[in-house]
Amino acid sequence: MAGPRIGVASLVQETNTFSPKPTVREDYTVLLGEDASRSLAGTNTEFAGAVALLEEMGAEATPLLAAWALPSGRVTDDTFEYLAGLLDRELARALPLDGLVLSLHGAMVAGSIFDADAALIEVARRRVGSVPLGVCLDLHANVTERMVELADAMVGYHTEPHIDMASTGERIARLVVRTVRGEVAPAMALAKRPMLVPAEGMRTDMGPMAEVRSLADSRTAGPVLDVSLFPVQPWLDVPELGLGVLVVTDGDLTGAGSLAEQIAGEVWPRRDRMTTPRLMTPEKAFWAVRESDFRPFVMAHTADCPTAGAPGDDPVMATEAARHAPDLVVLHSVLDPEASRRCRGQMGERVRLAVGGVFGESAVPVEVEGVVTAAGSGAYRLTGRSFTGRQVSMGEWAVITTGNHHLLVSSVPSITADPATWRHAGLEPDQADVLIVRSCSDYRANFPGSAPEAVNLDLPGPSTPRLEHLEFKHAPKPLYPHDREVM
Ligand SMILES: [Zn+2]
């Protein structure tokens, strides 16, 4: 007898509402049906994890679509309509289904829709009817009551930096199959706290969040099917903003509610310990390099980090590196489509051009002069522990070499926390003295040897770790840490 037919769909984008760069249709990679399955097989993605687990459990995995864009500003209304329409169309084609696994980020904002992920779940629910619908989310999701109402079960990543995407897909796929088979009847409750945590403060490998995670793990037994912690990504100005704890039990809604509240109650008193360590000015960071034996010495420009939705166009570290470390081998990057184009056909030539500051706001262009030592375009696969195997592109790119400094200029934001990005451009991060990444935390998983000494740069930008510098208009008040004196 054939197993249950379970649809698998993935629509992932994380919105930074402080980013000046809107997310448009061209920013998405869209794969349909078997193409999605083939391309993602073996990757560390929820989609691949769900498909593999469904097959292992004897269910018929029905791949619908996988659409993915880098984190950025709000998704434009017409892009959202296109995505919702695509999901609806692929679901309609795949019916009848016995269940659905939907992989979302959970912090997507579209035009005027604050809770865009809930709107996608609603599209799916309308199409599939009352069959079990399971949703998996990023740890940085802003989970809302509407999402809880619409889904039968939801789970999130357990790790920050994220390394458990595939196993998160497995967890939700298992819950959906068990629900379809009548083995469990998920009951779900959400507890929230009006607080934000800077990216580095929510690490799950050490510190306060690791303590709460291990408590959550110890309570995941018997009727408690799953416990997820959602320390929401902090660059999101929406109503219902806040840290979430989501508990799924087998049929015990009261038990789910009280456990979620109990665990949220464990997070709240730890809030003052959830801070960003070692924020350093560029000048101090370059001093630290000289006092350290770690190579490459990693510096993270967390405030202009594309994986946190910022454009990645702040070129200030080009100036800082030239001033403080002309003798050190430095790898750094900047987003600039026009500069990338101007390097086209200039291989081996000396160029002088302004780079960065494309989207304005906090980033100001700087002039660089050097030789174009590499250039190219096309797709490659990431090799770090986060997003292992994921195919990405940085559009058209070039390396401008000025003395010991190699600047990777790209037309599409690049994932500089992954060693594959540098190697794709012919640069070896392990041979650099200083590796400047635009990353909030992924570099810790991808450059584990350098992580203990790594520093976060104290610079402004749309993904700043200094959360008090962000001005919220829609978020509830009081909000921690902004109103810490009254909380
Ligand atoms: Zn995340």
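The values are calculated or read from the model by the stated rules, or taken from the named source; none is laboratory data. Just so it is clear, the model here is predicted, and its values are computed rather than measured. Positions of Cβ are generated from backbone atoms using ideal geometry, with glycine treated the same way; all protein chains shown enter the neighbour counts. Areas reflect the complete protein model, heavy atoms only, side chains present, ligands, DNA and RNA absent. Shrake-Rupley method; radii C 1.70, N 1.55, O 1.52, S 1.80 Å.
Of the residues making up the stretch 89-100, none is within 20 Å of residue 15 (Cα to Cα) and surrounded by fewer than 24 Cβ atoms within 10 Å (Cβ to Cβ). You will find that of 214, 228, the residue that is touching a residue at least 40 places away in the same chain (Cβ under 8 Å) and polar (S, T, N, Q) is 228 and no other.
Might you let me know whether the stretch 18-25 holds any residue that is away from the ligand (no atom under 16 Å from the Cβ) and either farther than 30 Å from residue 463 by Cβ or without any contact (Cβ under 8 Å) to a residue 40 or more places away in the chain (or both)? Within the stretch 18-25, not a single residue is away from the ligand (no atom under 16 Å from the Cβ) and either farther than 30 Å from residue 463 by Cβ or without any contact (Cβ under 8 Å) to a residue 40 or more places away in the chain (or both). Of the strands (runs of 3 or more DSSP E) that lie entirely inside the stretch 141-243, those containing 2 or more residues that are at pLDDT 95 or above and farther than 26 Å from residue 480 by Cβ span 186-193, 224-230.
Of the residues making up the stretch 106-155, not one is touching a helix residue (DSSP H, G or I) at 6+ places or on another chain (Cβ under 8 Å), open to solvent by 10 Å² or more (accessible area, probe 1.4 Å) and within 16 Å of the ligand (Cβ to nearest atom).
Residue 227 meets each of the listed conditions (1) within 16 Å of the ligand (Cβ to nearest atom); (2) surrounded by 23 or more Cβ atoms within 10 Å (Cβ to Cβ); (3) among the β-branched types (Val, Ile, Thr) apart from (1).
Table: residues versus (1) under 24 Å from the mean Cα position of the chain (by Cα); (2) within 16 Å of the ligand (Cβ to nearest atom); (3) outside the structural domain of residue 457 (by TED's automatic domain parsing).
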position	(1), (2), (3)
212	yes, no, yes
218	no, no, yes
232	yes, yes, yes
245	yes, no, yes
252	no, no, yes
261	no, no, yes
264	yes, no, yes
267	yes, no, yes
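Meeting the requirement of 2 or more residues that are crowded, with 19+ Cβ neighbours inside 10 Å and in contact with a strand residue (DSSP E or B) (Cβ under 9 Å, 6 or more places away or on another chain), the strands (runs of 3 or more DSSP E) wholly within the stretch 324-380 are 330-335, 366-376.
Condition check ((1) in contact with a Gly (Cβ under 6 Å, 6 or more places away or on another chain); (2) under 24 Å from residue 309 (Cα atoms); (3) open to solvent by 20 Å² or more (accessible area, probe 1.4 Å)) across all residues:
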residue: 184; (1), (2), (3): no, no, no
residue: 195; (1), (2), (3): no, yes, no
residue: 211; (1), (2), (3): no, no, yes
residue: 214; (1), (2), (3): no, no, yes
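Based on this model, can you work out whether residue 103 counts as among the polar types (S, T, N, Q), open to solvent by 20 Å² or more (accessible area, probe 1.4 Å) and either on the phi < 0 side of the Ramachandran plot or not assigned by TED's automatic domain parsing to the domain that holds residue 237 (or both)? Here the answer is no, as residue 103 does not meet what is asked.
Matching residues to (1) farther than 29 Å from residue 379 by Cα; (2) of a type in the set (A, V, I, L, M); (3) assigned by TED's automatic domain parsing to the domain that holds residue 374; (4) open to solvent by 20 Å² or more (accessible area, probe 1.4 Å):
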| position | (1), (2), (3), (4) |
| --- | --- |
| 422 | no, no, yes, no |
| 428 | no, no, yes, yes |
| 437 | no, yes, yes, no |
| 445 | no, yes, yes, no |
| 448 | no, no, yes, yes |
| 453 | yes, no, yes, yes |
| 460 | yes, no, yes, yes |
| 474 | yes, no, no, yes |
| 477 | yes, no, no, yes |
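Taking residue 166 as the residue in question, decide whether it is closer than 30 Å to residue 57 by Cα and either more than 16 Å from the ligand (Cβ to nearest atom) or open to solvent by 30 Å² or more (accessible area, probe 1.4 Å) (or both). For residue 166, the condition - closer than 30 Å to residue 57 by Cα and either more than 16 Å from the ligand (Cβ to nearest atom) or open to solvent by 30 Å² or more (accessible area, probe 1.4 Å) (or both) - is not met.
Across the stretch 86-105, the qualifying residues are those that are more than 27 Å from residue 203 (Cα to Cα) and in a loop (DSSP other than H, G, I, E, B), and the one among them that is nearest to the ligand (Cβ to nearest atom) is 97. Out of 182, 156, 111, one residue alone is among the small types (Gly, Ala, Ser) and under 17 Å from the mean Cα position of the chain (by Cα). It is 156. Exactly one residue among 318, 310 is of a type in the set (A, V, I, L, M), within 30 Å of residue 24 (Cβ to Cβ) and modelled with pLDDT under 95, and that residue is 310. Contact map, the stretch 147-170: first residue of a type in the set (Ser, Thr, Tyr), second residue within 16 Å of the ligand (Cβ to nearest atom) and part of a strand (DSSP E or B), Cβ cut-off under 7 Å, separation 6 or more or different chains; pairs are 168/136; 168/155; 168/156. Filter the stretch 282-317 down to residues that are outside any strand (DSSP E or B), aliphatic (A, V, I, L, M) and within 16 Å of the ligand (Cβ to nearest atom), then give me how many there are. Here the count works out to 2. Exactly one residue among 29, 45 is surrounded by 24 or more Cβ atoms within 10 Å (Cβ to Cβ) and β-branched (Val, Ile, Thr), and that residue is 45. For the stretch 8-19, the criterion of a residue being acidic (Asp, Glu), surrounded by fewer than 16 Cβ atoms within 10 Å (Cβ to Cβ), under 23 Å from the mean Cα position of the chain (by Cα) and in the same structural domain as residue 239 (by TED's automatic domain parsing) is satisfied by no position.
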